[in-house]
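Structure, as structure tokens:
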Amino acid sequence: MTLQPYGPEQLDQFALRLLDLAAVVREMAHESREHEVTDLALHDKKALEWCGRLDDWVHRAKADLEVRIRQARARRRAMSAGE
């Protein structure tokens, strides 16, 4: 795995991509209800595995961001105390 620097714009783009996928799945659910299709067979094992990994990845990234935020706050406080 390669670490890539992500700014707010890249995080937004990634989030929008995930939302687009979620919207498609929600649309599928709506259409299956509307047309009374109750037995769509899907190969879900890999997708559920990926979702689990993505969930872990997001929580680790959030924890890393919280550490970086604390460090940035401490630097700003140190700089303003030194002025």
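Coordinate-derived values only; no laboratory data. Note that the structure is a prediction, hence the values are computed from the model and not measured. Positions of Cβ are backbone-derived with ideal geometry, glycine not excepted, and every protein chain shown enters the neighbour counts.
Expressed in whole Å with the largest first, what are the equivalent ellipsoid semi-axes of the chain derived from the C-alpha gyration tensor as the square root of 5 times each eigenvalue?
Over the Cα atoms of the chain, the ellipsoid semi-axes are 41, 15, 10 Å.
What distance in nm separates the simple spin-label points at residue 43 and residue 27, each placed 7 Å from Cα in the Cβ direction?
2.3
Which residue, chosen from 58, 79, 19, occupies the Cα position most advanced towards the positive end of the dipole of the chain, where the dipole is computed from +1 (Lys, Arg) and -1 (Asp, Glu) charges on Cβ about the Cα centre?
Comparing the listed Cα positions along the dipole, 79 ranks first.
Rounded to the nearest 500, what is the chain's calculated 222 nm mean residue ellipticity when only DSSP H runs of at least 4 contribute -39500 (n - 2.57) each, over all residues?
About -28500 deg cm²/dmol.
Based on the Cβ-Cβ distance of residue 54 and residue 76, what FRET efficiency does E = 1/(1 + (r/R0)^6) give at R0 = 30 Å, to the nearest 0.05?
Details: r = 32 Å, r/R0 = 1.07.
The formula returns an efficiency of 0.40 here.
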